[in-house]
Every structure is written in C-alpha cells, then in structure tokens.
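The values are calculated or read from the model by the stated rules, or taken from the named source; none is laboratory data. The shown structure was predicted, so the numbers you read here are calculated from the model rather than taken from an experiment. In this analysis, Cβ positions are derived from the backbone assuming ideal geometry, glycine residues included, and neighbour counts consider all displayed protein chains. Keep in mind that these areas ignore ligands, DNA and RNA; they rest on the heavy atoms of the full protein, side chains included. Shrake-Rupley method; radii C 1.70, N 1.55, O 1.52, S 1.80 Å.
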Amino acid sequence: MAVQYRTGKYLDEIHETSIGTDNVFCEVNVKEVQESSRLLVNDICKTFGAESLTNLTPAMMNKNTVVKAQMAEWLFSAIYLLEQCSLPLMSNARVQLENLNEEKIEDQKSIIKLQSDLISQKNEELGLVSKTVETELKTYSSALQQSCSTALSPKNIAAAVQKVAREDDRSKEILVFGVAEEKGECATAKVAKILDHLEEKPKFQQCRRIGQQRENAVRPIKFNVRSTDIVYQILSKAKRLREVEGYKTVYLSPNRTPEERVARQKLVAELKQKRIGDPNSRYFIRKGEIVQAALEESFHSTG
C-alpha cells in the first residue's frame, strides 16, 4: 500500500521565518534548518526501513510503496533546503572566514611591528649599557695603570658589568612613601591608584614593600618601570598628590643608592637651615643643589 502524500510538512517553519527567500541565510537560522532536515530524513528512512541516512540506498528507495506526490515533496524539500538555505550558509561562512583571515594577517603585522619596536628599544638600551661599561673599564684601567702595570682581570671586568647592571635597574625604580600598610593588602592596586591620580598608566612590575616590618612603622613600596624616561615623567607629576584628598602625605622618589641617600639627607638639612635663616625667600632643591627662587627669578628677568 502506497504512503499517503503529506504536503507542506517540512518547510512550514522555514517559510514562517522567510529563511532563504531572499537568498540570504544567517547563522541564527541554523536550528530551524537543522530541524526541517531532521524531519525530512527521519520520514524517508522510516518509510524505506533504514535505521539512518547512512544505511539508506537507492535500491531501498526504488519501490512503488510511495506515491509520486510524496516523492516530489521530499525532492522539492531537499532541493530547497540545499539551494536556499545550506548553500547561502556556506557562502556566508566563506566570507566570514576570509574576513577573519584578513584580521589575523593584520594582527600578525601589528605583532611583528611591536616585536621590531621592542628589539630596537632593547638594542638601544644595550648600546647605552655598552657605552657605560666602556667608561667604567676605562676608569678601572686608568686606576690600575697608575698603581701597577697589571692588566685588567676578569674579576674586575665582571664587577664593572655588575655595577652597571645594578645602576641601570635602580634608575628604573620608584619608591612610594606614606602609603598606609594593611594586612593582606595589594601593593600593586595601591600604586595603580596613585598613578591614576597622576594621569599616568605605565606598565610596572616587581611592586612590593621593602624593608623589615616594624610596629608603628610604614614601609615604602618599590616598583619598576620600563625606562628612566618614565621614572622622570612620573616624578615630575608627583607634587600633584598634595592636592588629592587622602594622598597629601604620600610622596614619590627615585631609588637612590646609600651614598645618594646620605647626600640627599645632608642637602635637605641644609635646605631647612636656609629656610629658617631666610624665611622671606623661597629655597628648593634642583639637580642636587639648593636654589633661591628670588635670585633665580631676578636672573631670568634681567637676562
């Protein structure tokens, strides 16, 4: 007995959503097309006694048990799903893949440029280090020539290189004083907030408290940036913190050597004495020297 013809069963939902009518297929319609295809394949397999589409053969379908109208409906539905839905989806996918490949190529170009810039910066820094090492070696050589005729030893060379490396690292470090120390704190977050008040957003690392923890004592925070230029940029804005509520007692300074700290303390002490002895004038420290503002302004006005 022939299977009765059932028209309009497989494409009802497709037609309701107008999928494929304008030859444009969107990925959001995949579920509707999949459901219509599933209904079509299940009915065909069930009619011809196949467990699944992989078991279905042309010989199984070559039977007179299905009316011509039903076969036509199946064929039309399959063609419609392929031509109006699946092929546009594949075309749309191809365009998206091409766009993704173009974006990937552009990203790779950007990465290559960034890598090139980084290599150039590293080469520049290595050049500066090499020049400093050369200066140190000349200093060592001159001292040795005056004292003895012994050539430079590998130990002295290694010491010179280590000194340069320590000074280079120190020149990229900043100390933050006056930030309240709390149990379980995140020093990185506190430094980021300070830099935000200074309108600076550099990449920094190795952010931590330094020194031994003592009762009623607040340890400074030390962090590293990429270059000495960034250190100078941040320190030049540090005085803005005096105007920020909650940060008026916070101040920033470069990470000085022990010798530099002693010299700085002496300079600050001398500055205090000058301000006490001459309260009508304004004194401040510039480039390692005490400068009188009144004299400086007078010099500029007459120059």
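Summary of values
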{"read-out": "Test: residue in the range 154-173 that is at pLDDT 90 or above and either open to solvent by 50 Å² or more (accessible area, probe 1.4 Å) or among the polar types (S, T, N, Q) (or both)", "value": "no"}
{"read-out": "K183, sole failed condition from (1) open to solvent by 30 Å² or more (accessible area, probe 1.4 Å); (2) over 16 Å from L241 (Cβ atoms); (3) touching a residue at least 12 places away in the same chain (Cβ under 8 Å)", "value": "(3)"}
{"read-out": "R226 vs. criteria within 23 Å of D169 (Cβ to Cβ) and surrounded by 12 or more Cβ atoms within 10 Å (Cβ to Cβ)", "value": "yes"}
{"read-out": "Filtered residues of the range 32-61 (kept if assigned to a helix (DSSP H, G or I), at pLDDT 85 or above, hydrophobic (A, V, I, L, M, F, W, C) and within 57 Å of the chain's Cα centre (by Cα))", "value": "L39, L40, V41, I44, C45, L53"}
{"read-out": "Lone qualifier among T65, T57, T47, T132 - being open to solvent by less than 70 Å² (accessible area, probe 1.4 Å), within 30 Å of S171 (Cα to Cα) and not acidic (D, E)", "value": "T132"}
{"read-out": "Candidates R214, R219, filtered to the one that is modelled with pLDDT of 90 or more, open to solvent by 40 Å² or more (accessible area, probe 1.4 Å) and not hydroxyl-bearing (S, T, Y)", "value": "R219"}
{"read-out": "Residue in the range 12-25 that is in a loop (DSSP other than H, G, I, E, B), modelled with pLDDT under 85 and in contact with a strand residue (DSSP E or B) (Cβ under 8 Å, 6 or more places away or on another chain) present", "value": "no"}
{"read-out": "G178, sole failed condition from (1) surrounded by 12 or more Cβ atoms within 10 Å (Cβ to Cβ); (2) modelled with pLDDT under 90", "value": "(2)"}
{"read-out": "Residues that are open to solvent by less than 60 Å² (accessible area, probe 1.4 Å), of a type in the set (S, T, N, Q) and over 28 Å from I221 (Cβ atoms), drawn from the range 241-296", "value": "S281, Q292"}
{"read-out": "Test for E199: is it open to solvent by 40 Å² or more (accessible area, probe 1.4 Å) and over 28 Å from the mean Cα position of the chain (by Cα)", "value": "no"}
{"read-out": "Cross-chain or 6+ apart pairs with Cβ under 7 Å, the range 216-239 first and over 19 Å from D196 (Cβ atoms), then among the hydroxyl-bearing types (S, T, Y)", "value": "T228/S171"}
{"read-out": "Residue under evaluation R261, criteria (1) modelled with pLDDT under 90; (2) touching a Pro at 6+ places or on another chain (Cβ under 9 Å), criterion not met", "value": "(2)"}
{"read-out": "Hits in the range 174-208 (condition: under 18 Å from R256 (Cα atoms) and in contact with a Ser or Thr (Cβ under 9 Å, 6 or more places away or on another chain))", "value": "I174, L175, V176, F177, G178, C207, R208"}
{"read-out": "First in the range 106-129 and surrounded by 10 or more Cβ atoms within 10 Å (Cβ to Cβ), second anywhere and hydrophobic (A, V, I, L, M, F, W, C) and modelled with pLDDT under 85, Cβ under 8 Å, 6 or more apart", "value": "V129/V164; V129/A165"}
